[in-house]
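The values are calculated or read from the model by the stated rules, or taken from the named source; none is laboratory data. On a predicted model such as this, the values are computed, not experimentally measured, just so you know. Reconstructed Cβ throughout: ideal geometry from the backbone, glycine too, with neighbour counts over all protein chains shown.
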Amino acid sequence: MAESTQQPMHLINPTDLQTFVTQVLIANNTPPDSAAIVAKCLVAADLRGVDTHGSNRIPSYMERIRQKALDPTATPTLRQITPVAAQIDAHNGFGFVAAHAGMARAIEMAETYGMGMVSVKHSNHFGMSAWVVKQALDAGMMSLVFTNSSPALPVWGGKEKLMGVSPIACGAPSGDPAKPFILDMAPSVAARGKIYKALRRGERIPTEWALDKEGCPTDDPAKALEGVMLPMGGPKGSALSIMMDVFSGVFSGAAFAGHVTNPYDPSKPADVGHFLVAIKPDLFMTMEEFKERMDYLYKRVVESDKMAGVDRIYFPGEIEILMEQTRLAEGIPFAEAEVAGLNKEADLVNVEHLKVMQ
């Protein structure tokens with residue numbers, strides 16, 4: 001691989017970015033209400049530092065719309081199965097819209113019955129899972145958020161792409177709204193989006209992230225995308241990716257076992273499945289007691305004895321919360337090529353270019 005080429009970076013105001021993304025979506029036949037949900041979720045990822053699942057996904061999503069592999073006008077339909085279980089058919093619409101509707105219904109059921117579960121089929125990529133967790137947190141709920149995804153990982157002992165780097169996510173509120181528990185992680189050593197990000201920016205990747213098509217470690221993101229991602233913890237990461245496929249794909253009626261379409265492939269519908277659960281934290285004790293116990297857990301974690309060379313211990317999700325505070329104040333960084341890619345989409349639909357702060 002050639003030496004990494006440092007691209008100029010630009011800062012974007014979060015409000016301007018959300019307006020821009022919303023306008024591009026609407027210009028591509030996305031209803032305003034749906035566009036607002038998608039834009040908010042994408043910018044939320046950018047703010048949290050999860051650039052791999054943020055606004056840079058717009059060009060691939062818009063190409064899927066242009067190739068009729070994704071229907072931006074689709075409205076999810078809900079079927080109530082039991083008092084605490086429902087299913088949503090996304091009808092090949094945006095995963096953001098279907099997952100938002102699904103978690104909203106799960107929260108409604110949990111408010112009445114203590115928990116609610118929603119399975120989603122025929123959906124698409126929904127970006128960063130943490131935004132769905134945050135939707136539940138804002139309603140005072142604990143949550144589980146699963147999704148499956150296109151093949152990227154071999155099963156342990158195999159060499160072909162079969163399982164997705166499907167994130168497992170969950171959350172719980174605490175006494176301090178600024179310090180909730182938010183876990184959002186892929187079962188791979190690194191999210192595949194980080195490889196696409198490195199490719200866009202002309203950067204190398206760590207050799208422990210992926211193998212090329214010959215099965216050799218590589219620091220070239222292009223060769224990594226031709227090969228396979230590596231599961232974290234060997235067979236443990238492989239098993240987690242299979243678990244995501246069981247709950248999100250098999251259970252829902254969506255694609256599974258390697259048949260989910262890559263979000264960067266505009267040739268056909270993705271048929272992604274999701275599995276969403278909302279739980280009332282005060283099922284077994286008062287909410288006050290639950291939050292006190294969460295606060296105590298937080299304190300025990302961050303104040304535990306540090307290993308050599310560690311300055312600070314963070315609670316899951318805390319680094320992203322701190323990043324959000326920084327980017328709200330200073331702006332969101334984008335490489336020059338990334339700004340150009342977004343503005344190319346704007347040109348295609350006669351939307352004003354993205355404003356840069358510097």
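Filtering the range 306-320 down to residues that are in contact with a helix residue (DSSP H, G or I) (Cβ under 9 Å, 6 or more places away or on another chain) and hydrophobic (A, V, I, L, M, F, W, C), which residue is farthest from S174 (Cα to Cα)? Only one residue tops the list, namely I313.
Does E324 qualify as being closer than 18 Å to D16 by Cα and not in a loop (DSSP other than H, G, I, E, B)? Judged against the criteria, E324 is a match. In the set (1) crowded, with 19+ Cβ neighbours inside 10 Å; (2) part of a helix (DSSP H, G or I), the condition left unmet by L199 is number (1). All conditions in (1) in the same structural domain as E338 (by TED's automatic domain parsing); (2) surrounded by fewer than 14 Cβ atoms within 10 Å (Cβ to Cβ); (3) on the phi > 0 side of the Ramachandran plot hold for M285, with the sole exception of (3).
Condition check: in a loop (DSSP other than H, G, I, E, B), under 20 Å from F146 (Cβ atoms) and out of contact with any Cys (no Cβ under 7 Å at 6 or more places or on another chain). Does A254 satisfy that? Yes; evaluated as a whole, the condition is true for this residue.
When S248 is tested against (1) in a strand (DSSP E or B); (2) crowded, with 19+ Cβ neighbours inside 10 Å, just one condition goes unmet, and that condition is (1).
Each row is one residue, and each column tells you yes or no for (1) out of contact with any Pro (no Cβ under 6 Å at 6 or more places or on another chain); (2) under 29 Å from R201 (Cβ atoms); (3) surrounded by 12 or more Cβ atoms within 10 Å (Cβ to Cβ).
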position	(1), (2), (3)
L276	yes, no, yes
F290	no, no, yes
T326	yes, yes, yes
H353	yes, yes, yes
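Applying the condition of being closer than 30 Å to A169 by Cα and more than 19 Å from the chain's Cα centre (by Cα) to the range 328-337 and asking which residue is surrounded by the most Cβ atoms within 10 Å (Cβ to Cβ) yields A335. Here is a check on your reading of the model: is K280 touching a residue at least 12 places away in the same chain (Cβ under 8 Å), over 30 Å from V97 (Cβ atoms), in contact with a Gly (Cβ under 6 Å, 6 or more places away or on another chain) and surrounded by 13 or more Cβ atoms within 10 Å (Cβ to Cβ)? Here the answer is no, as K280 does not meet what is asked.
Filtering K194, K236, K223 for residues that are modelled with pLDDT under 90 and either outside the structural domain of L276 (by TED's automatic domain parsing) or not in a loop (DSSP other than H, G, I, E, B) (or both) leaves a single hit, K194.
Counting only residues that are assigned to a loop (DSSP other than H, G, I, E, B) and at pLDDT below 95, the range 8-29 holds 1 of them. Restricting attention to the range 124-141, the residues that are surrounded by fewer than 24 Cβ atoms within 10 Å (Cβ to Cβ) and over 17 Å from the mean Cα position of the chain (by Cα) total 3. Put simply, of A210, A222, A239 the only residue that is touching a Leu at 6+ places or on another chain (Cβ under 7 Å), surrounded by fewer than 18 Cβ atoms within 10 Å (Cβ to Cβ) and not charged (D, E, K, R) is A222.
Among the residues here, K121 qualifies as of a type in the set (K, R) and surrounded by 21 or more Cβ atoms within 10 Å (Cβ to Cβ). Checking each residue in the range 69-99 for being out of contact with any Ser or Thr (no Cβ under 9 Å at 6 or more places or on another chain) and of a type outside the set (D, E) picks out L70, T77, L78, R79, Q80, T82.
Which one of A101, A69, A110, A136 is in the same structural domain as L183 (by TED's automatic domain parsing), under 24 Å from C170 (Cα atoms), in contact with a Pro (Cβ under 6 Å, 6 or more places away or on another chain) and at pLDDT 95 or above? Going through A101, A69, A110, A136 in turn, the sole match is A101.
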